[in-house]
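Heads up, the thing below is written out as structure tokens.
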Amino acid sequence: MDLRLARSPWIFLSSLLLATVAAIPAQAAVDHQKAATRQYSDVQVFLRELVKSHPKQVQLFTIGQNEAGDAIEGVKIGSGAISNLVVSTHHGNEYGSTEVALAVADSLAQNPLKGQAVFVIPVLNVSGYNHRVRWEILSGHSWDPNRNYPGPCGTEGPFTLKSTQALASFIDHEKIVTSATLHTFHPAVVYPWGMGTPDLSTPYDDLFKEMVQGAALESKYPTGNSTELIYAANGAYEDYAFWKHGIWSILFELGFSHDPSVADVQATAQVNVPGIRRMLEQAPRTRAEKHGFSGTCDDSRKSMDRHDE
Ligand SMILES: [Zn+2]
């Protein structure tokens, strides 16, 4: 028997297997088994372990405290001159988005983006996350954190929550250039404006289209204008970041459910981490200059806001 012939199929299969493994982005460090039951304290442990595993690349930071005294923490990954942001879980029930933020942090820690420092905040709404509710509850009043920012067409706030005020101060102070905000549950990657107006265009529609299309190459999620693809919402973070500062602000609606299974979460992370990385990599290096809003607001569009994404 010719041993060379006997071995060759195995050698071929081995190299094929290695090539396949090499093509899959490494995300093994995030154990999504806990996705549905993870508490904020577990997220804090994860962040500390990430710092310990990658001490040269990763630093812990806090943007401030919420009313209950919880520190809203994140990790800064890389040391480049351009500061970008991934913020997740404005809505406490959207744990699928928290898991993707952890997977993004892990991917960036293993392989930071050149020339960038990326800040990742996995959970903005700590009490909501711990209780798996959308809202942040203060003295019996339920606030939607992603309607809590000032905006040209109004808001349900502004800044009645320490969390949203802390994030607003943070993006100003750190001079964030590009921001990804992560939500669940109906797949879409979208750009401003997302508020109640018939005047949805910005001077950067073409550039924004390139950003969202690049972000959705693997996920194949629908892309486009926020109001057109989702619904009008006044006082949202993603519009605020662009309107106030000219931050290139992209909203990710991830997955297909507010209650994704472990397999769903793994699949969602698998197809979105590369797109979020690419979006940050290819984004402009300076903020947008023409970020004011000169259109008209249409109050009747407020009734379109379903408060469910
Ligand atoms: Zn949401």
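The values are calculated or read from the model by the stated rules, or taken from the named source; none is laboratory data. The structure presented is a predicted model; accordingly, all values stated were derived computationally and were not measured. In this analysis, Cβ positions are derived from the backbone assuming ideal geometry, glycine residues included, and neighbour counts consider all displayed protein chains.
Couple of notes before you dig in:
- Among residues of segment 130-154, those that are among the polar types (S, T, N, Q) and within 16 Å of the ligand (Cβ to nearest atom), counted: 3
- Restricted to segment 158-186, and to residues there that are within 16 Å of the ligand (Cβ to nearest atom) and assigned to a loop (DSSP other than H, G, I, E, B), the residue that is surrounded by the most Cβ atoms within 10 Å (Cβ to Cβ) is 184.
- Look at segment 87-105: where a residue is under 15 Å from residue 238 (Cβ atoms) and of a type outside the set (D, E, K, R) and a partner is near the ligand (Cβ under 8 Å from one of its atoms) and at pLDDT 95 or above, sitting 6+ places away or on another chain with Cβ atoms under 6 Å, you get 88/97; 89/97; 90/146; 91/134; 97/183; 97/184.
- Residue count for segment 258-309, restricted to those that are crowded, with 18+ Cβ neighbours inside 10 Å and more than 26 Å from residue 187 (Cβ to Cβ): 3
- Between 152, 112, the distinction of being free of Cβ contacts under 8 Å to residues at least 60 places away in the same chain and of a type outside the set (S, T, N, Q) belongs to 112 only.
- Qualifying residue in segment 217-239 (condition: of a type in the set (Asp, Glu), touching a helix residue (DSSP H, G or I) at 6+ places or on another chain (Cβ under 6 Å) and either more than 16 Å from the ligand (Cβ to nearest atom) or closer than 22 Å to residue 77 by Cα (or both)): yes
- Of residues in segment 195-220 being touching a residue at least 60 places away in the same chain (Cβ under 8 Å) and not in a loop (DSSP other than H, G, I, E, B), the one farthest from residue 240 (Cα to Cα): 214
- In segment 234-249, residue farthest from residue 169 (Cα to Cα) [restricted to those that are within 14 Å of the chain's Cα centre (by Cα) and hydroxyl-bearing (Ser, Thr, Tyr)]: 249
- Within segment 223-246, considering residues that are charged (D, E, K, R) and surrounded by 21 or more Cβ atoms within 10 Å (Cβ to Cβ), the one nearest to residue 186 (Cα to Cα): 238
- Just one of the listed residues (293, 252) is within 16 Å of the ligand (Cβ to nearest atom), touching a residue at least 12 places away in the same chain (Cβ under 8 Å) and closer than 28 Å to residue 169 by Cβ, and it is 252.
- One residue stands out among those in segment 111-143 that are over 17 Å from the mean Cα position of the chain (by Cα) and assigned to a loop (DSSP other than H, G, I, E, B): the one that is nearest to residue 232 (Cα to Cα), which is 135.
- Leading residue by the ranking (farthest from residue 143 (Cα to Cα)) among those in segment 67-100 that are under 17 Å from the mean Cα position of the chain (by Cα) and small (Gly, Ala, Ser): 83
- Selection within segment 59-110: residues that are within 16 Å of the ligand (Cβ to nearest atom) and in a loop (DSSP other than H, G, I, E, B). The member of this set that is surrounded by the fewest Cβ atoms within 10 Å (Cβ to Cβ) is 93.
- Flag for residue 133 being at pLDDT 95 or above, crowded, with 24+ Cβ neighbours inside 10 Å and aliphatic (A, V, I, L, M): no
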